[in-house]
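Here the structure is laid out as structure tokens; the discussion comes afterwards.
The values are calculated or read from the model by the stated rules, or taken from the named source; none is laboratory data. Only a predicted model underlies this, so the values are computations on that prediction, with no experimental measurement involved. Cβ atoms come from the backbone with ideal geometry, glycine included; neighbour counts cover every protein chain shown. Protein only, heavy atoms only, side chains kept; ligands, DNA and RNA dropped before computing areas. Shrake-Rupley method; radii C 1.70, N 1.55, O 1.52, S 1.80 Å.
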Amino acid sequence: MRQSRFKRICVFCGSSQGKKRSYHDAAIELGNELVARGVDLVYGGGSIGLMGMVSQAVYDGGRHVIGRWGEVRAVADMHQRKAEMARQSDAFIALPGGYGTLEELLEVITWAQLGIHHKPVGLLNVDGYYNSLLTFIDKAVEEGFINTCARRIIVLAPTAEELMEKLEDYVPYHDRVASKLNWEIAAEIEPLPLGYLH
């Protein structure tokens, strides 16, 4: 196994274990894969569900965990929490999860599309969990709402080992839409007046 180019990876996943044993196994497998590659974990800090499993596996393997085990960083609100998690990470991986996982995943994909970051975004598609989301995204490409370059932002694999290999080889394919945005500027952008949305 080659040495990883990543120091830290942010993992998004459910605070529930889900109904299938395969989700539980995938969380532990991902944690072990990070340990084997010498990669530290950044995550939301939950101690239950898939979040607890992946963080425990990384911690037990002797790697650093930002979010619960070993290091917790105080933030003012959820927006700052997500920006800090993203800033601390060299790549992102989503395991199965619910609304929170989807929101975090889609936000980092959007940030990549806007050129706020060039970090790989991986989807661990355990037992086809994300097939329906991928079908929706492909439909959005077909209908002209997502361009084909932006579709390539998502790196997909069914196992942790395969996903990590693909993330290691990832080169950004997408066009930058907002070339001068960065974490700090994005955090300071004033919200648009509500009427602008109509």
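Any chance you could count how many residues in region 49-61 are open to solvent by 20 Å² or more (accessible area, probe 1.4 Å) and assigned to a helix (DSSP H, G or I)?
Residues that pass the stated criteria total 5.
Over 16 Å from residue 160 (Cα atoms), without any contact (Cβ under 8 Å) to a residue 40 or more places away in the chain and open to solvent by less than 60 Å² (accessible area, probe 1.4 Å): which single residue out of 46, 31, 38, 18 fits that description?
46
Taking residue 75 as meeting all but one of (1) farther than 27 Å from residue 132 by Cα; (2) assigned to a helix (DSSP H, G or I); (3) at pLDDT below 90; (4) not hydroxyl-bearing (Ser, Thr, Tyr), write down the number of the exception.
Of everything listed in (1) farther than 27 Å from residue 132 by Cα; (2) assigned to a helix (DSSP H, G or I); (3) at pLDDT below 90; (4) not hydroxyl-bearing (Ser, Thr, Tyr), residue 75 misses just condition (2).
Just name the residue that is farthest from residue 100 (Cα to Cα) out of those in region 1-15 that are open to solvent by less than 40 Å² (accessible area, probe 1.4 Å), touching an Asp or Glu at 6+ places or on another chain (Cβ under 9 Å) and part of a strand (DSSP E or B).
By that ranking, first place goes to 9.
Condition check ((1) touching a helix residue (DSSP H, G or I) at 6+ places or on another chain (Cβ under 9 Å); (2) closer than 15 Å to residue 33 by Cβ; (3) among the polar types (S, T, N, Q)) across all residues:
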residue	(1), (2), (3)
116	yes, no, no
135	no, no, yes
144	no, no, no
164	yes, yes, no
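Restricting to region 111-126, what's the tally of residues that are surrounded by 14 or more Cβ atoms within 10 Å (Cβ to Cβ) and over 11 Å from the mean Cα position of the chain (by Cα)?
Of the residues in that region, 9 qualify.
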